[in-house]
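Just below is one structure, and these are the notes that go with it.
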Amino acid sequence: MFTFQMDGEVVKSVDFAPGNTHRGIEWMGMRRNPVQILHLSERICGICGIVHALTFARAVEQIAEIEVPPRADYIRVIMFELERIQSHLLWAGVAAHELGFDSLFYLAWKVREQSLDIIENLAGTRVNYAIIQIGGVRRDISTEQVQLIEKGLSYYRGLLDQMKKVFLDDSTIRMRCRGHGVLTEQDARLLCAVGPTARASGVAMDVRHDYPYCAYGDLDVHPILPPQESGGPKGDVYDRISVRLLEIAQSIDIIQQCLDNLPTGEILWEKKMPKLLLTLKKAQGEAIGRVEAPRGECMHYVRMDGNDAPATWKVKASSYSNLMSWIPMLKGEQLADIPIIVASIDPCMSCTDRVAVIQDGSAGFLTKDDLTRLSREKTWRLMQCR
Amino acid sequence: MTETPHRTPQEIIDLYRTEFGAGILDTKITERGEGVKKVKAYNIWIRLEKNLLRPAIKKLIDIRFPHFAVIAGSDLGEEIELLYILSVFYGTKFGEYMVTLAIRLKKTDLTVPTITDLIPGALLSEREKQEFFGITVTGIPDGRRLFLPDDFPQGVYPWRKDETGIKPEMVKELWTINRPKDRPAPPVPEKQAAGEVSPAEGKEKTTGGAAE
């Protein structure tokens with residue numbers, strides 16, 4: 001829930017209270033064995049079907065000194081980048097909806113279906129993929145599936161230019177997003193923002209580039225910053241849109257690199273479940289698992305002390321680091337711009353459930369629908385004066 | 001935030017050892033390489049005296065302004081260990097290290113100074129540690145609860161493993177709702193579990209799947 005202090009139409013101060021979706025998953029995890037936690041961790045987030053499972057598995061693999069076969073590392077990366085494509089497209093749809101472009105919202109989600117179909121073919125499900133196992137992955141990729149992925153990649157390659165044109169060259173979107181919700185580079189560093197939110201402000205950080213994991217050490221990855229030709233990093237909503245669109249192109253490239261260099265061999269360190277559980281039970285120590293999720297750095301700290309269940313499991317999801325950036329972004333903005341600015345960090349929770357607006361000392365409540373209506377009305381006004 | 005020279009993990013530990021001497025209780029460097037080329041990623045672990053926390057963070061800022069990830073915590077019985085997990089040299093190709101600064105607080109004196117004046121982004125994590133471990137962060141600019149609801153009982157700290165942790169009567173057994181009465185109550189005794197191989201376990205042996 002947000003509380004805004006307003007001066008007329010302008011936001012003077014921002015406060016927010018998260019926690020409506022806190023479910024105590026870490027507490028539950030400290031009472032289960034690592035293989036059970038994998039399934040629990042997949043359910044931390046509905047969109048990041050692989051992020052938390054992979055992060056947790058990597059932390060446990062480091063503690064138990066489990067060597068993951070290279071083929072499994074590559075399959076993990078393929079799944080991860082497919083997830084980035086579907087997550088960014090989902091976000092693009094949400095952003096279009098918040099701006100009042102519902103046909104664009106349907107288009108983005110229709111395009112997203114292709115990546116979900118590939119994921120379903122590879123993992124068996126569209127969400128909560130359950131493909132990660134400690135020590136590797138549970139399903140191999142066949143030659144036919146490689147062809148299917150390549151077909152999907154060429155589908156997205158053909159669409160990229162069109163999507164850039166629709167999102168980035170549209171004068172109404174430019175008017176609504178350029179110069180709004182600005183997060184300066186200094187603020188992004190001080191408030192420890194991560195992922196596309198930080199990169200749109202000009203902070204060149206990307207775990208895949210900085211801190212090698214899985215197959216990223218073998219691949220060519222670089223942090224995506226807003227392009228110079230569109231005015232360089234300004235840290236506004238427009239830059240966050242362009243970073244995400246360029247990252248879809250990068251993900252296509254990374255998946256292609258993986259398919260071209262896919263090693264042969266095993267996909268699991270240990271197939272026998274009792275043996276794996278015994279190894280994990282004996283494992284002692286602490287480790288950090290860290291990945292670059294679609295929303296930014298995701299990190300798990302795990303400590304195991306020779307029991308079935310880990311002694312400590314701390315989850316740091318990507319949005320956790322980005323919440324603080326809302327405060328400088330929203331200050332000085334209009335009420336109607338709040339939905340798109342809040343959505344622009346791609347928050348991974350049910351956030352704007354209610355908004356309290358305090359104007360001239362009296363409080364009023366707005367729901368998410370009220371805010372979205374204000375945002376849409378602003379877009380229509382802008383389109384009429386064009 | 002000027003550019004400072006890049007350093008190796010060992011150099012960072014040496015810098016800490018020279019500056020703080022006996023205040024550094026333990027250090028280790030862990031490394032991990034994955035994929036085909038096994039390019040190494042490094043983690044630096046530094047355990048230090050509680051009063052050195054703020055100087056240690058300042059030292060890291062001098063080396064290069066770090067990215068603050070989170071404060072993790074463990075209940076070790078008599079003490080609570082707080083781990084300040086940060087990373088330095090982000091933006092360098094394969095040159096970023098995780099730096100974990102760990103301090104221990106006795107349960108008789110659960111106070112720790114704030115670091116939000118050095119790294120403002122640490123605020124949410126400090127608020128979270130206050131409510132989940134019952135720690136007092138001195139000087140915190142905003143000490144309200146973060147995730148726990150306002151009507152959550154005072155003096156209950158979910159991540160503590162002693163009598164102040166979550167009490168059994170607070171745990172809601174959601175799985176019992178609408179469950180047929182004729183099923184045995186879990187946990188199934190170990191003997192029975194070991195004797196029978198369920199279809200799910202049998203499948204695991206051939207496919208390597210995990211149907212826990």
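The values are calculated or read from the model by the stated rules, or taken from the named source; none is laboratory data. On a predicted model such as this, the values are computed, not experimentally measured, just so you know. Glycine also receives a Cβ, built like all others from the backbone with ideal geometry; neighbour counts cover every protein chain displayed.
Pairs are defined by a Cβ separation below 9 Å, a sequence spacing of at least 6 or placement on different chains, a first member in segment B:17-42 that is free of Cβ contacts under 8 Å to residues at least 40 places away in the same chain and over 30 Å from A:GLY217 (Cα atoms), and a second member that is among the acidic types (Asp, Glu) and surrounded by fewer than 17 Cβ atoms within 10 Å (Cβ to Cβ); the pairs so defined are B:PHE20/B:GLU49; B:ALA22/B:GLU49; B:GLY23/B:GLU49; B:ILE24/B:GLU49; B:LEU25/B:GLU49.
Results for (1) part of a helix (DSSP H, G or I); (2) in contact (Cβ under 8 Å) with a residue 24 or more places away in the chain; (3) over 30 Å from B:LYS37 (Cβ atoms), shown as yes or no for each residue.
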| site | (1), (2), (3) |
| --- | --- |
| A:ARG31 | no, yes, yes |
| A:GLN36 | yes, no, yes |
| A:CYS45 | no, yes, yes |
| A:CYS48 | no, yes, no |
| A:GLU67 | no, yes, no |
| A:ILE75 | yes, yes, no |
| A:LEU90 | yes, yes, yes |
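For A:ALA92, the criteria (1) among the hydrophobic types (A, V, I, L, M, F, W, C); (2) crowded, with 18+ Cβ neighbours inside 10 Å; (3) facing another protein chain (nearest Cβ under 10 Å) hold in every case but one, which is (3).
Of all residues in segment A:115-144, those satisfying the criterion of being in contact (Cβ under 8 Å) with a residue 12 or more places away in the chain, within 18 Å of A:ILE255 (Cα to Cα) and surrounded by fewer than 19 Cβ atoms within 10 Å (Cβ to Cβ) are A:ASP117, A:ASN121, A:ASP140. Considering segment A:171-202 alone, what residues qualify as being buried (at least 24 other Cβ atoms within 10 Å of the Cβ), of a type in the set (A, V, I, L, M) and at the interface with chain B (Cβ under 10 Å from one of its Cβ atoms)? Scanning segment A:171-202 gives A:ALA188, A:LEU191, A:ALA193, A:VAL194, A:ALA198.
Residue-wise test of (1) over 26 Å from B:GLU96 (Cα atoms); (2) among the hydroxyl-bearing types (Ser, Thr, Tyr); (3) more than 11 Å from chain B (Cβ to nearest Cβ).
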residue: A:ARG244; (1), (2), (3): no, no, yes
residue: A:ALA249; (1), (2), (3): no, no, yes
residue: A:ILE252; (1), (2), (3): no, no, yes
residue: A:GLY265; (1), (2), (3): yes, no, no
residue: A:LYS281; (1), (2), (3): yes, no, yes
residue: A:ASP308; (1), (2), (3): yes, no, yes
residue: A:SER319; (1), (2), (3): no, yes, no
residue: A:LEU323; (1), (2), (3): no, no, no
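As a summary of the residue check, B:VAL70 satisfies the conditions (1) surrounded by 19 or more Cβ atoms within 10 Å (Cβ to Cβ); (2) outside any strand (DSSP E or B); (3) at the interface with another protein chain (Cβ under 7 Å from one of its Cβ atoms); (4) β-branched (Val, Ile, Thr) except for the one numbered (2). Applying the condition of being within 10 Å of chain A (Cβ to nearest Cβ) and among the hydrophobic types (A, V, I, L, M, F, W, C) to segment B:28-46 and asking which residue is surrounded by the most Cβ atoms within 10 Å (Cβ to Cβ) yields B:ALA41. Filter segment A:234-261 down to residues that are crowded, with 22+ Cβ neighbours inside 10 Å and free of Cβ contacts under 8 Å to residues at least 60 places away in the same chain and give me whichever is nearest to A:LEU160 (Cα to Cα). My answer is A:VAL243.
Residues in segment A:262-307 that are part of a loop (DSSP other than H, G, I, E, B), within 26 Å of the chain's Cα centre (by Cα) and not aliphatic (A, V, I, L, M): A:PRO294, A:ARG295.
Criterion first (more than 10 Å from chain B (Cβ to nearest Cβ), among the hydrophobic types (A, V, I, L, M, F, W, C) and either in contact with a helix residue (DSSP H, G or I) (Cβ under 9 Å, 6 or more places away or on another chain) or touching a residue at least 60 places away in the same chain (Cβ under 8 Å) (or both)) does A:LEU219 satisfy it? No. Take the conditions (1) hydrophobic (A, V, I, L, M, F, W, C); (2) modelled with pLDDT of 85 or more; (3) within 18 Å of the chain's Cα centre (by Cα); A:CYS45 misses just one of them, which is (2).
May I ask you to list the residues in segment B:135-157 that are more than 10 Å from chain A (Cβ to nearest Cβ), buried (at least 18 other Cβ atoms within 10 Å of the Cβ) and out of contact with any strand residue (DSSP E or B) (no Cβ under 8 Å at 6 or more places or on another chain)?
Just the residues of segment B:135-157 that are more than 10 Å from chain A (Cβ to nearest Cβ), to begin with: B:135-141, B:143, B:151, B:153-157.
Filter once more, keeping what is buried (at least 18 other Cβ atoms within 10 Å of the Cβ): B:135, B:137, B:140, B:157.
Within segment B:135-157, B:ILE140, B:TYR157 meet the criteria.
If you go through segment A:337-371 and pick out every residue that is in a helix (DSSP H, G or I) and at pLDDT below 85, you end up with 4. Listed conditions (1) assigned to a loop (DSSP other than H, G, I, E, B); (2) of a type outside the set (Asp, Glu); (3) within 26 Å of A:CYS258 (Cα to Cα) are all met by A:HIS52, apart from (1). B:TYR84 - would you say it is more than 7 Å from chain A (Cβ to nearest Cβ), assigned to a strand (DSSP E or B) and either closer than 26 Å to B:LEU123 by Cα or modelled with pLDDT of 95 or more (or both)? Yes; evaluated as a whole, the condition is true for this residue.
Inside segment A:81-114, residues that are of a type outside the set (D, E, K, R) and out of contact with any helix residue (DSSP H, G or I) (no Cβ under 7 Å at 6 or more places or on another chain) make up a count of 5. Only residues that are crowded, with 21+ Cβ neighbours inside 10 Å and under 23 Å from A:SER201 (Cα atoms) were counted across segment B:90-106, and they come to 4.
Table: residues versus (1) in contact with a strand residue (DSSP E or B) (Cβ under 6 Å, 6 or more places away or on another chain); (2) aromatic (Phe, Trp, Tyr).
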| site | (1), (2) |
| --- | --- |
| A:LEU148 | no, no |
| A:LYS165 | no, no |
| A:VAL182 | no, no |
| A:GLU185 | no, no |
| A:ASP206 | yes, no |
| A:TYR216 | no, yes |
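Restricted to segment B:23-59, and to residues that are part of a strand (DSSP E or B), in contact with a Pro (Cβ under 7 Å, 6 or more places away or on another chain) and among the hydrophobic types (A, V, I, L, M, F, W, C), which residue is nearest to B:GLU81 (Cα to Cα)? Out of the qualifying residues, it is B:ILE44. When each of A:GLU61, A:GLU42, A:GLU9, A:GLU81 is tested for being at the interface with chain B (Cβ under 10 Å from one of its Cβ atoms) and of a type in the set (Asp, Glu), the lone residue that passes is A:GLU61. Kindly indicate whether any position in segment A:230-238 is outside any helix (DSSP H, G or I) and within 14 Å of another protein chain (Cβ to nearest Cβ). The answer is yes; a qualifying residue exists. The single condition among (1) in contact with a strand residue (DSSP E or B) (Cβ under 7 Å, 6 or more places away or on another chain); (2) within 9 Å of chain A (Cβ to nearest Cβ) that B:LEU60 does not meet is (2).
Go over the candidates B:GLU49, B:GLU11, B:GLU78 one by one and state the one that is of a type in the set (Asp, Glu), more than 14 Å from chain A (Cβ to nearest Cβ), surrounded by fewer than 17 Cβ atoms within 10 Å (Cβ to Cβ) and in contact (Cβ under 8 Å) with a residue 40 or more places away in the chain.
Numbers: B:GLU11 fails: in contact (Cβ under 8 Å) with a residue 40 or more places away in the chain; B:GLU78 fails: in contact (Cβ under 8 Å) with a residue 40 or more places away in the chain.
After ruling out the rest, the residue left standing is B:GLU49.
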